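I have placed the structure first, in the form of structure tokens, so that the comments after it can refer back to it.
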Amino acid sequence: MSGKILWIDDEVDLLKPHIVFLENKGYEVKPINNVNEALEILASEKFQLVLLDENMPGISGLEAIPLLKNIDSSLKIVMVTKNEEENIMEQAIGSQISDYLLKPINPNQVLLSLKKNLQSETLVEQHTISEYQQEFRNLSMELSYLKTAAEWAEYYKKILAWEIKFDKVFDNDFADLLQSQKEEANIQFSKFIENNYEDWLNSNEKPLMSHTLFKEKVKPIVEKDKTLLLMVDNLRYDQWKMIEPLFTKFYNKTSEDYYYSILPTATQYARNSFFAGLLPSEIEKRFPDKWFNDNEDGNKNEFERDFLEDQMKRLGLSAKSIKYLKILNSDFEKKVLDEFNQHKSNDLIVIVYNFIDILSHAKTDNNIVNQLIRDDKTFRSLTLNWFENSSIIKVIKLAAENGFKLVLTTDHGTIYVKKPSKVVGDRETSTNIRYKTGRSLTYEKSDVWAVNNPEKLFLPKGNLSSKYIFAKNNFFLAYPKNYNHFVNYYKETYQHGGISLEECIIPICTFEPK
């Protein structure tokens, strides 16, 4: 049976041909000619959907909606009406009907509405699986021909589009197959980065990167309009696609692009590079008292505003009217919202929003969050849920109302790590799980990209013999001491600093107020 339907219409006897048509399609239809009798039946019988005439004597269709919902809040209601007045439709939709049909109706109209409301999940699932089966071979073949940064970014976005589609599919077998394809893509992507990254840094032929992003994408907006720059720490491309509709309620998107985070894909390096418009060793040279290496004490992102002001001056932009805000907790987020009117006279408001970084670390340290985030699907869902109920969206709304252009971006992404890789280092070795820097490093060569001459990648050296290693794909770096405990603690957590599609290819979007 396709579904059990209650059809309420004072002229239901005239609908016999429609009912027979639906019954031949596998639906069980119970016809009733008044609301009172329908309410009695609903009290003892379960129906998936009600077809409800809007204009009936006694209790009207609009009056019936809350009465029906009071008996069964999950009941889907399709309003049938010949009234096209806007206020009637608004009342019906506001009463949470699932659909409405305009008279005169034909059986196929009704059938399509039933399919949409009762079988849409099944139909979407079947269609998604069928489409992916056709696309699987194309994705596998395309992987062999990816040569440029742009081709890799487009391929990654295709994979993500399928991941988001599979979020709505109950059968996970094909989603698992897609994950295998992404893992193979990450293996090839790591080779691509190894072969090209140094050349990018030493030539003009490179994709948009952390240290060029402000100049290329933000400067043209800031020099013309009041701008809100929102830097969401740790925002992956898939998470951006989930929360995008929240932003487009108030803004029209004028561009969406990708850029490549520098290595290491870690806040200390990538975000400082964005604000300074320089690579890490260049920042260290220009600001020797404001750059801290991994093995040095100090807040490694304490001087972002200083770096930004310096870059703006180098670019010929006024740095006088900047408000820089770093949101590290919900109390300060609420404070930023409450005090927004105090900042709206600034030409540039910069907000660094640390929620996703906190969430990804919480999966490691907090058992409840660890249970909530079981995979990328649940991470996307929790990200959306947070933003939907956050004060930052209210800040975005206020910014739009006050005429601010919006630039949204991030500093790097994060990856769900699964495989440990042993590393031995001395006391000076950095503690990051996805990259290490130090003098005496022993490691599994196939699991990392080892950089013996950091200066070629514009990376600071803690001492003359320091090197860097970057974990590839979904590996994480583990010490032999207390190895099993270490592995169990970090396995299936979110980390960043290494080389993967998720960490390296990240969004930059621009908007104008609606």
Go through segment 34-44 residue by residue and tally those that are surrounded by fewer than 16 Cβ atoms within 10 Å (Cβ to Cβ) and either in contact (Cβ under 8 Å) with a residue 40 or more places away in the chain or more than 45 Å from the chain's Cα centre (by Cα) (or both).
3
Per-region count, segment 373-413, residues polar (S, T, N, Q) and in contact with a Lys or Arg (Cβ under 6 Å, 6 or more places away or on another chain)
2
Which residue, of Ile71, Ile93, Ile59, is closer than 14 Å to Ile8 by Cα, surrounded by fewer than 17 Cβ atoms within 10 Å (Cβ to Cβ) and either touching a helix residue (DSSP H, G or I) at 6+ places or on another chain (Cβ under 6 Å) or modelled with pLDDT under 85 (or both)?
Ile59
Which one of the conditions (1) more than 19 Å from the chain's Cα centre (by Cα); (2) β-branched (Val, Ile, Thr); (3) buried (at least 18 other Cβ atoms within 10 Å of the Cβ) does Val487 fail to meet, given that it meets all the rest?
(3)
Restricting attention to segment 464-482, which residues are surrounded by fewer than 24 Cβ atoms within 10 Å (Cβ to Cβ), out of contact with any Phe, Trp or Tyr (no Cβ under 8 Å at 6 or more places or on another chain) and not in a loop (DSSP other than H, G, I, E, B)?
Lys467
State all residues of segment 133-166 that are of a type in the set (Gly, Ala, Ser) and in a helix (DSSP H, G or I); if no residue qualifies, say none.
Ser140, Ala149, Ala150, Ala153, Ala161
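Take the residues in segment 155-184 that are of a type in the set (Gly, Ala, Ser) and more than 17 Å from the chain's Cα centre (by Cα), then tell me which one is modelled with the highest pLDDT.
Step by step, filter segment 155-184, then rank; the result is Ser180.
Considering only residues of segment 221-265 that are of a type in the set (Ser, Thr, Tyr) and assigned to a strand (DSSP E or B), which is nearest to Tyr416 (Cα to Cα)? Please lay out each step first, then the result.
Restricting attention to segment 221-265, the residues satisfying the condition of being of a type in the set (Ser, Thr, Tyr) are 227, 237, 248, 251, 254-255, 258-261, 265.
In the following step, the residues that additionally are assigned to a strand (DSSP E or B) were identified as 227, 251, 254-255, 258-260.
Numbers: Thr227: 34, Tyr251: 31, Thr254: 31, Ser255: 28, Tyr258: 21, Tyr259: 20, Tyr260: 19 Å.
Among those residues, the one meeting the criterion is Tyr260.
The values are calculated or read from the model by the stated rules, or taken from the named source; none is laboratory data. Since we're looking at a predicted model, the values are computed, not measured. Here Cβ is always computed from backbone atoms with ideal geometry, including for glycine, and neighbour counts include all displayed protein chains.
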